[in-house]
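Only one structure is covered here, and it is reproduced in the block below.
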Amino acid sequence: MMMVFALLDHPFSQSSWLAWSIHPSTVVGLAALAGLYLWRARQASPEKPVSGARRLSFFSALFVIFASLNGPIHDLSDTYLFSAHMVQHLLLTMLMPPLLIAGVPGWMIRPLLAHRTVRVVARAVTRPIACFAIFNLVIAMWHLPVFYNAAMDNHNIHILEHLMFMTAAVLMWWPLTSQLPELPRLSYPGQMLYCFLMILPMSIVAVYISMAEQVLYPAYASAPRITSLSPLEDQLLGGLIMWVPGGLIFMLIMSVIFFKWAARGGDDAASAQVDWKPRAA
(Lines give C-alpha, C1' and ligand atoms only; values in the text may rest on other atoms or scores of the structure.)
Protein backbone atom coordinates (compact mmCIF):
# COMPACT_ATOMS: atom_id res chain seq x y z
CA MET A 1 0.00 0.00 0.00
CA MET A 2 2.88 2.35 0.77
CA MET A 3 4.16 1.78 -2.75
CA VAL A 4 0.84 2.94 -4.21
CA PHE A 5 0.90 6.15 -2.15
CA ALA A 6 4.50 6.75 -3.15
CA LEU A 7 3.58 6.36 -6.79
CA LEU A 8 0.68 8.79 -6.53
CA ASP A 9 2.58 11.31 -4.41
CA HIS A 10 5.68 11.58 -6.58
CA PRO A 11 5.53 14.01 -9.54
CA PHE A 12 5.91 12.52 -12.98
CA SER A 13 8.64 15.01 -13.84
CA GLN A 14 9.48 13.43 -17.18
CA SER A 15 6.00 12.53 -18.37
CA SER A 16 2.92 14.65 -18.86
CA TRP A 17 -0.74 13.74 -19.19
CA LEU A 18 -1.01 16.69 -21.58
CA ALA A 19 1.77 15.54 -23.93
CA TRP A 20 0.19 12.96 -26.20
CA SER A 21 2.48 11.01 -28.47
CA ILE A 22 0.49 9.60 -31.38
CA HIS A 23 1.55 6.50 -33.30
CA PRO A 24 0.33 6.62 -36.93
CA SER A 25 0.03 2.83 -37.18
CA THR A 26 -2.64 2.77 -34.46
CA VAL A 27 -4.53 5.68 -36.02
CA VAL A 28 -4.54 4.00 -39.44
CA GLY A 29 -5.65 0.65 -38.00
CA LEU A 30 -8.41 2.13 -35.87
CA ALA A 31 -9.62 4.35 -38.72
CA ALA A 32 -9.84 1.27 -40.95
CA LEU A 33 -11.87 -0.61 -38.33
CA ALA A 34 -14.18 2.38 -37.84
CA GLY A 35 -14.69 2.78 -41.59
CA LEU A 36 -15.44 -0.93 -42.05
CA TYR A 37 -17.91 -0.85 -39.15
CA LEU A 38 -19.77 2.20 -40.50
CA TRP A 39 -19.88 0.66 -43.98
CA ARG A 40 -21.44 -2.53 -42.61
CA ALA A 41 -23.79 -0.55 -40.35
CA ARG A 42 -25.23 1.20 -43.43
CA GLN A 43 -26.19 -2.24 -44.76
CA ALA A 44 -28.42 -2.97 -41.78
CA SER A 45 -32.05 -3.67 -42.53
CA PRO A 46 -34.54 -0.91 -41.62
CA GLU A 47 -36.21 -3.34 -39.20
CA LYS A 48 -32.97 -4.00 -37.29
CA PRO A 49 -30.66 -0.98 -37.48
CA VAL A 50 -27.45 -0.87 -35.47
CA SER A 51 -28.53 0.67 -32.19
CA GLY A 52 -26.90 3.67 -30.59
CA ALA A 53 -25.84 1.48 -27.68
CA ARG A 54 -23.97 -0.88 -29.99
CA ARG A 55 -22.26 2.01 -31.77
CA LEU A 56 -21.24 3.52 -28.45
CA SER A 57 -19.85 0.18 -27.29
CA PHE A 58 -17.83 -0.36 -30.47
CA PHE A 59 -16.34 3.12 -30.60
CA SER A 60 -15.62 2.97 -26.86
CA ALA A 61 -13.55 -0.14 -27.57
CA LEU A 62 -11.64 1.74 -30.27
CA PHE A 63 -11.05 4.61 -27.84
CA VAL A 64 -9.68 2.22 -25.21
CA ILE A 65 -7.24 0.85 -27.80
CA PHE A 66 -6.23 4.37 -28.84
CA ALA A 67 -5.76 5.61 -25.27
CA SER A 68 -3.80 2.50 -24.29
CA LEU A 69 -1.40 2.53 -27.23
CA ASN A 70 -0.81 6.29 -27.42
CA GLY A 71 -0.21 9.15 -25.05
CA PRO A 72 0.90 8.91 -21.43
CA ILE A 73 -0.18 5.31 -20.81
CA HIS A 74 1.95 4.16 -23.73
CA ASP A 75 4.89 6.39 -22.78
CA LEU A 76 4.89 5.37 -19.14
CA SER A 77 4.57 1.67 -19.92
CA ASP A 78 7.15 1.60 -22.71
CA THR A 79 9.79 3.82 -21.15
CA TYR A 80 9.43 4.10 -17.41
CA LEU A 81 7.16 1.78 -15.41
CA PHE A 82 6.40 -1.94 -15.55
CA SER A 83 3.32 -1.26 -13.40
CA ALA A 84 1.97 1.12 -16.06
CA HIS A 85 2.51 -1.63 -18.63
CA MET A 86 0.31 -3.95 -16.59
CA VAL A 87 -2.43 -1.29 -16.47
CA GLN A 88 -2.15 -1.04 -20.26
CA HIS A 89 -2.48 -4.81 -20.62
CA LEU A 90 -5.54 -4.90 -18.36
CA LEU A 91 -7.24 -2.24 -20.50
CA LEU A 92 -6.49 -4.15 -23.70
CA THR A 93 -7.58 -7.55 -22.36
CA MET A 94 -10.30 -6.85 -19.78
CA LEU A 95 -12.05 -3.67 -20.95
CA MET A 96 -11.67 -3.45 -24.72
CA PRO A 97 -12.83 -6.97 -25.81
CA PRO A 98 -16.32 -7.06 -24.24
CA LEU A 99 -17.00 -3.55 -25.58
CA LEU A 100 -15.85 -4.62 -29.05
CA ILE A 101 -17.88 -7.84 -29.13
CA ALA A 102 -21.02 -6.19 -27.74
CA GLY A 103 -20.74 -3.44 -30.34
CA VAL A 104 -20.79 -5.78 -33.35
CA PRO A 105 -24.18 -7.41 -34.05
CA GLY A 106 -23.96 -11.01 -35.20
CA TRP A 107 -25.30 -10.33 -38.70
CA MET A 108 -22.25 -8.16 -39.45
CA ILE A 109 -19.85 -11.08 -39.28
CA ARG A 110 -22.21 -13.96 -40.15
CA PRO A 111 -21.37 -13.81 -43.90
CA LEU A 112 -17.80 -14.85 -43.05
CA LEU A 113 -19.13 -18.19 -41.85
CA ALA A 114 -20.39 -18.94 -45.35
CA HIS A 115 -16.82 -19.91 -46.20
CA ARG A 116 -16.21 -23.45 -45.01
CA THR A 117 -12.60 -22.91 -43.95
CA VAL A 118 -13.49 -19.81 -41.94
CA ARG A 119 -16.44 -21.63 -40.35
CA VAL A 120 -14.34 -24.64 -39.31
CA VAL A 121 -11.54 -22.47 -37.87
CA ALA A 122 -13.99 -20.16 -36.11
CA ARG A 123 -15.80 -23.06 -34.45
CA ALA A 124 -12.50 -24.57 -33.34
CA VAL A 125 -10.98 -21.42 -31.80
CA THR A 126 -14.20 -20.22 -30.11
CA ARG A 127 -14.72 -23.43 -28.14
CA PRO A 128 -14.33 -22.60 -24.43
CA ILE A 129 -11.34 -24.92 -23.92
CA ALA A 130 -9.56 -23.37 -26.90
CA CYS A 131 -10.37 -19.82 -25.74
CA PHE A 132 -9.10 -20.61 -22.25
CA ALA A 133 -5.89 -22.21 -23.52
CA ILE A 134 -5.06 -19.61 -26.17
CA PHE A 135 -5.52 -16.63 -23.86
CA ASN A 136 -3.54 -18.03 -20.97
CA LEU A 137 -0.72 -19.37 -23.14
CA VAL A 138 -0.37 -15.98 -24.82
CA ILE A 139 -0.34 -14.14 -21.49
CA ALA A 140 2.15 -16.55 -19.92
CA MET A 141 4.45 -16.61 -22.96
CA TRP A 142 4.77 -12.84 -23.31
CA HIS A 143 5.57 -12.40 -19.61
CA LEU A 144 8.51 -14.77 -19.78
CA PRO A 145 11.62 -12.56 -19.66
CA VAL A 146 12.99 -13.78 -23.00
CA PHE A 147 9.83 -12.72 -24.89
CA TYR A 148 9.00 -9.65 -22.80
CA ASN A 149 12.52 -8.27 -23.14
CA ALA A 150 12.50 -8.93 -26.89
CA ALA A 151 9.30 -6.89 -27.18
CA MET A 152 10.85 -4.05 -25.18
CA ASP A 153 13.92 -4.04 -27.44
CA ASN A 154 12.09 -4.27 -30.79
CA HIS A 155 9.04 -2.14 -31.61
CA ASN A 156 7.76 -4.52 -34.29
CA ILE A 157 7.81 -7.41 -31.80
CA HIS A 158 6.00 -5.16 -29.32
CA ILE A 159 3.28 -4.51 -31.91
CA LEU A 160 2.97 -8.27 -32.45
CA GLU A 161 2.66 -8.77 -28.68
CA HIS A 162 -0.22 -6.31 -28.41
CA LEU A 163 -2.00 -7.76 -31.45
CA MET A 164 -1.72 -11.24 -29.92
CA PHE A 165 -2.99 -9.94 -26.57
CA MET A 166 -6.04 -8.31 -28.13
CA THR A 167 -6.86 -11.26 -30.38
CA ALA A 168 -6.48 -13.77 -27.56
CA ALA A 169 -8.55 -11.56 -25.24
CA VAL A 170 -11.43 -11.34 -27.75
CA LEU A 171 -11.37 -15.14 -27.92
CA MET A 172 -11.28 -15.37 -24.11
CA TRP A 173 -14.39 -13.20 -23.84
CA TRP A 174 -16.24 -15.00 -26.65
CA PRO A 175 -17.84 -17.80 -24.55
CA LEU A 176 -19.26 -15.08 -22.28
CA THR A 177 -20.40 -12.44 -24.77
CA SER A 178 -20.83 -14.04 -28.22
CA GLN A 179 -23.30 -12.26 -30.48
CA LEU A 180 -23.52 -15.25 -32.85
CA PRO A 181 -25.63 -18.28 -31.85
CA GLU A 182 -23.65 -20.26 -34.45
CA LEU A 183 -20.57 -19.71 -32.28
CA PRO A 184 -22.43 -19.92 -28.98
CA ARG A 185 -21.88 -18.74 -25.45
CA LEU A 186 -21.49 -21.19 -22.62
CA SER A 187 -24.48 -21.93 -20.42
CA TYR A 188 -24.66 -19.72 -17.34
CA PRO A 189 -23.29 -22.42 -14.99
CA GLY A 190 -20.52 -23.04 -17.52
CA GLN A 191 -19.75 -19.31 -17.69
CA MET A 192 -19.35 -19.11 -13.92
CA LEU A 193 -16.98 -22.09 -13.88
CA TYR A 194 -15.07 -20.62 -16.84
CA CYS A 195 -14.57 -17.30 -15.02
CA PHE A 196 -13.44 -19.04 -11.83
CA LEU A 197 -10.90 -21.15 -13.69
CA MET A 198 -9.67 -18.10 -15.62
CA ILE A 199 -8.45 -16.55 -12.36
CA LEU A 200 -5.96 -19.34 -11.69
CA PRO A 201 -3.46 -19.08 -14.59
CA MET A 202 -3.28 -15.28 -14.37
CA SER A 203 -2.65 -15.58 -10.65
CA ILE A 204 0.25 -17.96 -11.27
CA VAL A 205 1.86 -15.52 -13.71
CA ALA A 206 1.26 -12.64 -11.30
CA VAL A 207 2.79 -14.57 -8.38
CA TYR A 208 5.83 -15.40 -10.51
CA ILE A 209 6.34 -11.69 -11.20
CA SER A 210 5.46 -10.41 -7.72
CA MET A 211 7.64 -12.86 -5.82
CA ALA A 212 10.73 -12.53 -8.03
CA GLU A 213 13.75 -11.50 -6.01
CA GLN A 214 15.41 -9.76 -8.94
CA VAL A 215 14.26 -7.47 -11.74
CA LEU A 216 12.99 -9.71 -14.54
CA TYR A 217 12.88 -7.04 -17.22
CA PRO A 218 16.14 -5.05 -17.52
CA ALA A 219 14.60 -2.21 -19.54
CA TYR A 220 12.89 -0.97 -16.39
CA ALA A 221 16.00 -1.36 -14.23
CA SER A 222 17.82 1.15 -16.42
CA ALA A 223 14.84 3.45 -17.01
CA PRO A 224 14.81 6.96 -15.52
CA ARG A 225 13.08 6.93 -12.14
CA ILE A 226 10.03 9.19 -12.31
CA THR A 227 8.58 7.87 -9.03
CA SER A 228 10.11 6.97 -5.70
CA LEU A 229 9.61 3.27 -6.46
CA SER A 230 12.69 1.18 -7.10
CA PRO A 231 12.61 -1.09 -10.18
CA LEU A 232 11.91 -4.11 -7.98
CA GLU A 233 9.09 -2.32 -6.14
CA ASP A 234 7.63 -1.24 -9.47
CA GLN A 235 7.76 -4.87 -10.63
CA LEU A 236 6.02 -6.01 -7.44
CA LEU A 237 3.30 -3.39 -7.95
CA GLY A 238 2.84 -4.50 -11.56
CA GLY A 239 2.42 -8.12 -10.49
CA LEU A 240 -0.15 -7.07 -7.90
CA ILE A 241 -2.05 -5.06 -10.53
CA MET A 242 -2.29 -8.18 -12.66
CA TRP A 243 -3.16 -10.37 -9.68
CA VAL A 244 -5.72 -8.40 -7.66
CA PRO A 245 -7.73 -6.32 -10.17
CA GLY A 246 -7.51 -9.14 -12.71
CA GLY A 247 -9.04 -11.59 -10.23
CA LEU A 248 -11.64 -9.10 -9.01
CA ILE A 249 -12.82 -8.46 -12.56
CA PHE A 250 -13.65 -12.15 -13.04
CA MET A 251 -15.38 -12.28 -9.66
CA LEU A 252 -17.51 -9.29 -10.66
CA ILE A 253 -18.36 -10.99 -13.96
CA MET A 254 -19.41 -14.11 -12.06
CA SER A 255 -21.80 -11.99 -9.99
CA VAL A 256 -23.35 -10.48 -13.14
CA ILE A 257 -23.68 -13.94 -14.70
CA PHE A 258 -25.38 -15.28 -11.58
CA PHE A 259 -28.07 -12.59 -11.69
CA LYS A 260 -28.61 -13.10 -15.43
CA TRP A 261 -28.91 -16.83 -14.79
CA ALA A 262 -31.47 -16.19 -12.05
CA ALA A 263 -33.44 -13.83 -14.29
CA ARG A 264 -33.66 -16.27 -17.22
CA GLY A 265 -33.96 -19.37 -15.08
CA GLY A 266 -32.40 -21.78 -17.55
CA ASP A 267 -29.37 -24.05 -17.05
CA ASP A 268 -28.93 -24.93 -20.72
CA ALA A 269 -26.80 -23.11 -23.28
CA ALA A 270 -29.85 -21.94 -25.24
CA SER A 271 -30.99 -19.69 -22.39
CA ALA A 272 -27.64 -17.86 -22.39
CA GLN A 273 -27.60 -16.95 -26.10
CA VAL A 274 -28.06 -13.49 -27.48
CA ASP A 275 -31.21 -14.52 -29.40
CA TRP A 276 -32.92 -16.12 -26.37
CA LYS A 277 -36.62 -15.39 -25.98
CA PRO A 278 -38.76 -16.34 -22.97
CA ARG A 279 -41.12 -19.22 -23.56
CA ALA A 280 -44.74 -18.36 -23.98
CA ALA A 281 -46.78 -19.10 -20.88
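Scan region 26-41 and tell me whether some residue there is of a type in the set (Ser, Thr, Tyr) and open to solvent by less than 40 Å² (accessible area, probe 1.4 Å).
Scanning region 26-41, I find at least one residue that is of a type in the set (Ser, Thr, Tyr) and open to solvent by less than 40 Å² (accessible area, probe 1.4 Å), so the answer is yes.
Check whether at least one residue in region 199-209 is farther than 23 Å from Thr93 by Cβ, out of contact with any Asp or Glu (no Cβ under 7 Å at 6 or more places or on another chain), at pLDDT below 95 and assigned to a helix (DSSP H, G or I), and report yes or no.
Within region 199-209, none of the residues are farther than 23 Å from Thr93 by Cβ, out of contact with any Asp or Glu (no Cβ under 7 Å at 6 or more places or on another chain), at pLDDT below 95 and assigned to a helix (DSSP H, G or I).
Identify the single condition in (1) open to solvent by 10 Å² or more (accessible area, probe 1.4 Å); (2) under 19 Å from Pro97 (Cβ atoms); (3) in a helix (DSSP H, G or I); (4) in contact (Cβ under 8 Å) with a residue 24 or more places away in the chain that Cys195 does not satisfy, given that it satisfies every other one.
Cys195 satisfies every listed condition except (1).
Listed here are the residues, each with its yes/no results for (1) touching a helix residue (DSSP H, G or I) at 6+ places or on another chain (Cβ under 6 Å); (2) in a helix (DSSP H, G or I); (3) free of Cβ contacts under 8 Å to residues at least 24 places away in the same chain; (4) under 16 Å from Ser83 (Cα atoms).
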residue: Ala219; (1), (2), (3), (4): yes, yes, no, yes
residue: Glu233; (1), (2), (3), (4): yes, yes, no, yes
residue: Gly238; (1), (2), (3), (4): yes, yes, no, yes
residue: Trp243; (1), (2), (3), (4): yes, yes, no, yes
residue: Gly246; (1), (2), (3), (4): yes, yes, no, yes
residue: Phe250; (1), (2), (3), (4): yes, yes, no, no
residue: Ile253; (1), (2), (3), (4): yes, yes, no, no
residue: Gly266; (1), (2), (3), (4): no, no, no, no
residue: Asp275; (1), (2), (3), (4): no, no, no, no
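For region 108-126, which positions are out of contact with any Leu (no Cβ under 9 Å at 6 or more places or on another chain) and open to solvent by 30 Å² or more (accessible area, probe 1.4 Å)?
Pro111, Leu112, Ala114, His115, Arg116, Thr117, Val120, Val121, Ala124 - these are the residues of region 108-126 that are out of contact with any Leu (no Cβ under 9 Å at 6 or more places or on another chain) and open to solvent by 30 Å² or more (accessible area, probe 1.4 Å).
Report whether or not Leu137 is of a type outside the set (Val, Ile, Thr), loosely packed, with under 15 Cβ neighbours inside 10 Å, assigned to a helix (DSSP H, G or I) and out of contact with any strand residue (DSSP E or B) (no Cβ under 9 Å at 6 or more places or on another chain).
So Leu137 passes the test.
Any residue at all in region 158-178 that is open to solvent by 20 Å² or more (accessible area, probe 1.4 Å), over 24 Å from Ile257 (Cβ atoms), without any contact (Cβ under 8 Å) to a residue 60 or more places away in the chain and of a type in the set (S, T, N, Q)?
no
Out of the residues in region 147-157 meeting the condition of being in contact (Cβ under 8 Å) with a residue 24 or more places away in the chain and surrounded by fewer than 16 Cβ atoms within 10 Å (Cβ to Cβ), tell me which one is farthest from the chain's Cα centre (by Cα).
Among those residues, the one meeting the criterion is Asp153.
All but one of (1) free of Cβ contacts under 8 Å to residues at least 60 places away in the same chain; (2) open to solvent by 10 Å² or more (accessible area, probe 1.4 Å) hold for Pro201, so report the exception by its number.
Pro201 satisfies every listed condition except (1).
The values are calculated or read from the model by the stated rules, or taken from the named source; none is laboratory data. Just so it is clear, the structure is predicted and the values come from calculations on it, not from any experiment. Note: ideal-geometry Cβ built from the backbone for every residue, glycine included; neighbour counts use all protein chains shown. With ligands, DNA and RNA removed, areas are computed over all heavy atoms of the protein, side chains included. Shrake-Rupley method; radii C 1.70, N 1.55, O 1.52, S 1.80 Å.
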